[in-house]
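First comes the structure, then the notes that go with it.
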Amino acid sequence: MRITVLGKSPSWQDAGGACSGYLVEEGETRVLVDCGSGVFAQLRSVCDYVDVDAVLVSHMHGDHFLDLVPFACALLYAPRQQPVPVAGWPGTDTPSRPQLLVPPGAIAALRTIGAAGGQPRLFDRAFRLREYAVDETVVLGALHVRFAPVPHYIATNAIELRPGEDGARFTYGADHRPNEEIVAFAACTGLLMLEATLPRPEREGPRGHLTPSEAGEHAAASGAARLVLTHISDELDQEWALAEAARAYSGPIEIARQGAVYTV
Ligand SMILES: [Zn+2]
Ligand SMILES: [Zn+2]
């Protein structure tokens, strides 16, 4: 299983960067995990978007889904997707229509966003859209997918992908405050990708994110073989973040870099 970082920025992009988006490939199966601002252009730089089998969305914050808008527009309006020959493309009776799996309740939000642009069914038309159940196992070609609700400002799900029922696991925490759920869900995973958004814990209001040291503590508690810190701004010192995470976690740690490829 191959994981390519398309974007790792938090809710504001790094210079030249994109928000959350990770392309997971196993054999011929291609799954995009989250599609935040800037991700669609990065996706195009590493693969052909019509070859994406499915998109999984962890939660409905803009840095995790907003580039579904250009992705939908490409699927509906690109010359190659049309039924008749146009602009040198031969026309197709079978335009690409990837699955789009979103959290419970998200379809209403997507239709509201579509309606604001005059197209309430934008995402229904472009994708095979459905809401996943958090307790289901979804089989997408060669990949098996599981979810686990994690505490954040809105309903959010960590996502696990593995080749088949017994393959090595990739666990993506999405966004969350410190919690036990991700530790249990990621127990002994092959690669754990955790957010490390904050230079220090939130000083007021409910917590929503982790610091790098908290990410290290969660990785250590889960027994993960490897930790990648993500959802981290280029305005945070990377050496500092690595050292903070390494205080609790003794395994290999990297900071996600746009274009990085991990094999699990
Ligand atoms: Zn986020
Ligand atoms: Zn979020």
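Each value in this text was obtained by applying a stated rule to the coordinates, not by laboratory testing. Since we're looking at a predicted model, the values are computed, not measured. Heads up, the Cβs are rebuilt from the backbone with ideal geometry, glycines too, and the neighbour counts pull from every protein chain shown.
A few comments on the model shown:
- At most 13 other Cβ within 10 Å, DSSP loop - GluC sites (Glu not before Pro), the stretch 141-231: Glu165, Glu180, Glu202, Glu204
- Cα gyration tensor, the stretch 93-156 - rounded (a/c under 1.5), prolate or oblate: oblate
- Arranged from fewest to most other beta-carbon atoms within 10 Å of their beta carbon, Tyr153, Tyr77, Tyr262, Tyr172 become Tyr77, Tyr153, Tyr262, Tyr172.
- Cα gyration tensor shape for the stretch 17-63, rounded if a/c is under 1.5, else prolate or oblate: oblate
- Averaging Cα coordinates gives a centre for the stretch 1-64 and one for the stretch 137-190; these two points are 16 Å apart.
- Estimated vicinal HN-Hα couplings, Hz - the stretch 133-138 in sequence order (Karplus 6.51, -1.76, 1.60; Gly, Pro = x): 8, 5, 9, 9, 9, 9
- Net charge of neighbours whose Cβ lies under 13 Å from the Cβ of Ile113, counting Lys and Arg as +1 and Asp and Glu as -1: 0
- DSSP-loop trypsin sites (Lys or Arg not before Pro) across the stretch 47-149, with at most 12 other Cβ within 10 angstrom: Arg121
- Dipole in debye (nearest 20) - the chain, about Cα centre, beta carbon charges: Lys, Arg +1; Asp, Glu -1: 580
- For Ala260, neighbours were defined as the other residues whose beta-carbon sits under 12 Å from its Cβ, and their charges (Lys and Arg +1, Asp and Glu -1) total +2.
- Computing Rg and the Kirkwood Rh from the Cα coordinates of the chain gives a ratio, Rg/Rh, of 0.97.
- Cut-off under 5 Å, modelled amide H: who pairs with Val86 long-range: Gly91
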